[in-house]
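Participant: Could you have a look at this structure, given as structure tokens, before my questions?
The values are calculated or read from the model by the stated rules, or taken from the named source; none is laboratory data. Remember, predicted model here, so these are calculated numbers, not experimental data. Here the Cβ is made from the backbone with ideal geometry for all residues, glycine too, and neighbour counts use every protein chain on show.
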Amino acid sequence: MVRGRPISKETTSTAGSWQRDLQQLLKSASTTNKVALVGIGHPLRGDDYVGSHIVKTLTESLKDVLPDGVYLVDAEGDIEAIIMKLVDLAPRHVMFIDACEMKLKTGEIRLLSIEETSYPFFTTHGVPLKVLAQQLLPKSKAWVLAIQPKQSEFSEELSTEVNEAADSISRFFMKILEEE
């Protein structure tokens, strides 16, 4: 599933290139080229919470320095509840940040085109992100910043590996967005 082609071709990034590809995407943000970063994850499902955790961290850290055209949206465990907010925002790019089973080492990160995600359930949501994006955000390019979870059972804690990945992603976002 993961091949090493560049994001500009709407394909999956490799382990080493997700940062470069993500930086390119974020630097394209403007008032007319909106980028929505959407954190997903239930706070009581262990590593499943990672996307929401990242967006909460960014919201707190960047509240006064978020560049024009970049929007942070925390869906927690209910992506369906915020989808109309995204439709109204009409972003050029939507990046879902989520724990995704990719059969990789725990904590590994990939930037995936939503088109490359699999049916029926690439993540733990009632409606697959791919279906939501295709049906409700047809003019937006949709991506998943995917983090390989260790566990998603009942827990209020991220695993050590996923927490380290979340910290790395948060620091990377803060660095790029503060530069803008």
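Participant: When you go through (1) more than 16 Å from ILE169 (Cα to Cα); (2) outside any loop (DSSP other than H, G, I, E, B) one by one for LEU58, which number turns out not to apply?
Facilitator: Tallying (1) more than 16 Å from ILE169 (Cα to Cα); (2) outside any loop (DSSP other than H, G, I, E, B), LEU58 fails exactly one: (1).
Participant: Additional query: For region 74-108, give me each residue that is surrounded by fewer than 22 Cβ atoms within 10 Å (Cβ to Cβ) and part of a strand (DSSP E or B).
Facilitator: Passing the criteria: ASP74, GLU76, HIS93.
Participant: Also, quick follow-up: For region 13-60, which residues satisfy the criterion of being in contact with a His (Cβ under 9 Å, 6 or more places away or on another chain) and surrounded by fewer than 18 Cβ atoms within 10 Å (Cβ to Cβ)?
Facilitator: Once the filter is applied, which keeps residues that are in contact with a His (Cβ under 9 Å, 6 or more places away or on another chain) and surrounded by fewer than 18 Cβ atoms within 10 Å (Cβ to Cβ), region 13-60 yields SER28, ASN33, PRO43.
Participant: Is at least one residue of region 153-174 of a type in the set (S, T, N, Q), loosely packed, with under 15 Cβ neighbours inside 10 Å and at pLDDT below 90?
Facilitator: Checking region 153-174: not a single residue is of a type in the set (S, T, N, Q), loosely packed, with under 15 Cβ neighbours inside 10 Å and at pLDDT below 90.
Participant: Now for a separate question. State the number of residues belonging to region 119-149 that are surrounded by fewer than 22 Cβ atoms within 10 Å (Cβ to Cβ), assigned to a loop (DSSP other than H, G, I, E, B) and either modelled with pLDDT of 65 or more or of a type in the set (A, V, I, L, M) (or both).
Facilitator: So the count comes out to 7.
Participant: If you don't mind, there's one more thing I want to ask. Surrounded by 21 or more Cβ atoms within 10 Å (Cβ to Cβ), assigned to a strand (DSSP E or B) and on the phi < 0 side of the Ramachandran plot: does that describe LEU112? Even if it seems obvious, please write down each step before you answer.
Facilitator: Numbers: surrounded by 21 or more Cβ atoms within 10 Å (Cβ to Cβ): yes; assigned to a strand (DSSP E or B): yes; on the phi < 0 side of the Ramachandran plot: yes.
Considered against the rule, which asks whether it is surrounded by 21 or more Cβ atoms within 10 Å (Cβ to Cβ), assigned to a strand (DSSP E or B) and on the phi < 0 side of the Ramachandran plot, LEU112 comes out as yes.
Participant: Looking for whichever is β-branched (Val, Ile, Thr), in contact with a Leu (Cβ under 7 Å, 6 or more places away or on another chain) and closer than 14 Å to LYS141 by Cα here; the options are VAL55, VAL70, VAL94. Which one fits?
Facilitator: VAL94
Participant: So the check is Cβ under 7 Å with 6+ separation or different chains; which pairs have a first residue in region 63-74 that's β-branched (Val, Ile, Thr) and a second one that's surrounded by fewer than 19 Cβ atoms within 10 Å (Cβ to Cβ)?
Facilitator: VAL65/GLU178; VAL73/ILE82; VAL73/LYS85
Participant: Additional query: For a quick check of your reading of the model, give me the residue pairs whose first member lies in region 29-49 and is part of a strand (DSSP E or B), whose second is of a type in the set (Asp, Glu), with beta-carbon atoms closer than 7 Å and at least 6 apart or on different chains.
Facilitator: GLY39/ASP74; ILE40/ASP98
Participant: Checking the structure you have, find out if any residue of region 57-69 is acidic (Asp, Glu) and modelled with pLDDT under 90. Step through it out loud before you land on a result.
Facilitator: First pass over region 57-69, keeping only residues acidic (Asp, Glu): 60, 64, 68.
If we keep only those that are modelled with pLDDT under 90 as well, we get 64, 68.
Checked region 57-69: at least one residue is acidic (Asp, Glu) and modelled with pLDDT under 90.
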